[in-house]
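The values are calculated or read from the model by the stated rules, or taken from the named source; none is laboratory data. Predicted model only: the values in this text are computed from it and were never measured. As a convention, Cβ positions derive from the backbone with ideal geometry for all residues, glycine included, and neighbour counts pool all protein chains shown.
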Amino acid sequence: MSTIIKLENIVKRFYEGQENELEILHGISLEVEEGEFVAIVGPSGSGKSTLMNMIGVLDRPTSGTYILDGINVGDADDSELSDIRNQKIGFVFQTYNLISKTNALKNIELPMLYKGTDRNTRIKRAKELLELVEMGDRAKHLPEELSGGQKQRVAIARAMANDPAIILADEPTGALDSKTGRLVMDLFHKLNKEKNKTIVLITHSNELASETDRIISIKDGNIVDIKPGNGSRTEKQENIPVKNEIEEAKTDIIITEDCEEKSEEMKIENSIEEKYNDVEEIKDSTKEEKDSTKENNDNVSFDSGNDNCISNNNDEILEEKNIHANDLENKSENDDGIINNPNNDNENGEEK
C-alpha cells in the first residue's frame, strides 16, 4: 500500500508574533496508508481538531510539510486547495452541515455541482449513494424531516459524491444515540472494506476507536501513543463470553432444577415411608390389643418371657397384668358356680 497522508513536523501557531501567541501543534509527524482506517483520539484541548483541520486542508500549518495523495499542500494556492478539498477529501461533521432548504438528493448533488458534473450524472450518482446508505426512500425529504441518524447517513453519502480518496469524519456519532451511532459505524466499515476508502476518524470514544486499524492518541499537541486496533467491530467478539455465561447460567438452572426435583422426590418418598411406618405401628398396636383381649377371655395367664406386649424390663406392668388375670380367673369360677346352680338358694322352694 502507498502512503496517502504524510505529515512531517507539523507546527501550528495562532496569533503568531503577538503577545498572546499560542502554539497548538508541536511538530506532529504521521503517515496513513491508502485503504487504512485510523482513529485520532484525545481529550478536549489536546489539539485533535486542529490536526483534523490540517489533514482536511481547512487550514495551513505554520511550519512543516504535508503531502496528500502525492500533492504537496504547502505549494498549492487557495484555488488548488479548494479543488483538493472537493475531490480528494469527503467531510462528515458531527452536526451534519446539510443545506436546510434543500432535500436529501440535492444535498448530495452539491459537491458534484461545484466540480462541474452534468445534471443527469449528478442525479444518477446521488440516487446510487442514497441507496448505498439505505436512504433511497428519503430522497425528497428536507433535513428537518429526517432523524439525526438519517441526516448523518445523507452527510456520508454527500462525502462520497466525488469518490474521494479520504473520508475525514469529525465525531460523526457524537450527536447520535448508541443504536444509530452503531449504524453509522457499520457504514464506515462498509466503505472501508468494500470501497477501499481511507478513513480518518476523530473521536472521544475509545470503544469506537478500537474498531479501527490503528489508534493515534494525541495530548497537549503531541502524539503520545500509536497502537493497533481490532480492525473491525468488536460486537461479535464481545458476545462470545456473554453467550458462554448465558449457557453456563442455563446449565446451572437445569442442574438446580434437577436437584430440586430429586430433593422433592426424596421428600415425598420419605413422607410416604414415614406414613407407611405409622400405619404399620398402628397395625401392630391393634394386633397386640386384640391378642391381649383374646388371652384375657381365654383365661390365659401372661408370661413375661413370651408376651410381646410386655417389656422384659417393666416388672410393674407385668405384676399388674398378673393380678388382673387372677381376678379374671376368680370371677370366672364364680360365674361357673352361678351358671351351674342358678337356683342354689331356692332348692327347697323357699324365696330368698
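Here is how the numbers come out for the structure above:
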read-out	value
Residues of segment 114-135 satisfying the condition of being under 44 Å from the mean Cα position of the chain (by Cα) and part of a loop (DSSP other than H, G, I, E, B)	Val133, Glu134, Met135
Selection from segment 88-105 of residues that are surrounded by 17 or more Cβ atoms within 10 Å (Cβ to Cβ) and more than 23 Å from Thr203 (Cβ to Cβ)	Asn103, Ala104, Leu105
Residues of segment 62-87 that turn out to be crowded, with 17+ Cβ neighbours inside 10 Å, of a type in the set (D, E, K, R) and in a helix (DSSP H, G or I), as a count	1
Matching entry among Glu23, Glu31, Glu80, Glu16 (being in contact (Cβ under 8 Å) with a residue 60 or more places away in the chain and charged (D, E, K, R))	Glu23
Test: Leu105 is among the aliphatic types (A, V, I, L, M), under 43 Å from the mean Cα position of the chain (by Cα), closer than 14 Å to Gly90 by Cβ and assigned to a helix (DSSP H, G or I)	no
Tally, over segment 166-217, of residues that are part of a loop (DSSP other than H, G, I, E, B) and either of a type in the set (S, T, N, Q) or under 27 Å from the mean Cα position of the chain (by Cα) (or both)	14
Members of segment 171-226 found to be within 30 Å of Glu23 (Cβ to Cβ) and small (Gly, Ala, Ser), listed by number	Gly174, Ser205, Ala209, Ser217, Gly221
The lone exception for Arg153 - which of (1) buried (at least 22 other Cβ atoms within 10 Å of the Cβ); (2) touching a residue at least 40 places away in the same chain (Cβ under 8 Å) it fails	(2)
Hey, Glu31 in a strand (DSSP E or B), surrounded by 14 or more Cβ atoms within 10 Å (Cβ to Cβ) and modelled with pLDDT of 95 or more or not	no
Filter pass, Leu113 being free of Cβ contacts under 8 Å to residues at least 60 places away in the same chain and either surrounded by 14 or more Cβ atoms within 10 Å (Cβ to Cβ) or basic (Lys, Arg) (or both)	no
Which numbered condition Lys227 misses (of (1) free of Cβ contacts under 8 Å to residues at least 24 places away in the same chain; (2) more than 22 Å from Glu34 (Cβ to Cβ); (3) not hydrophobic (A, V, I, L, M, F, W, C))	(2)
Boolean, Leu25 is under 25 Å from Gly231 (Cβ atoms) and touching a helix residue (DSSP H, G or I) at 6+ places or on another chain (Cβ under 9 Å)	no
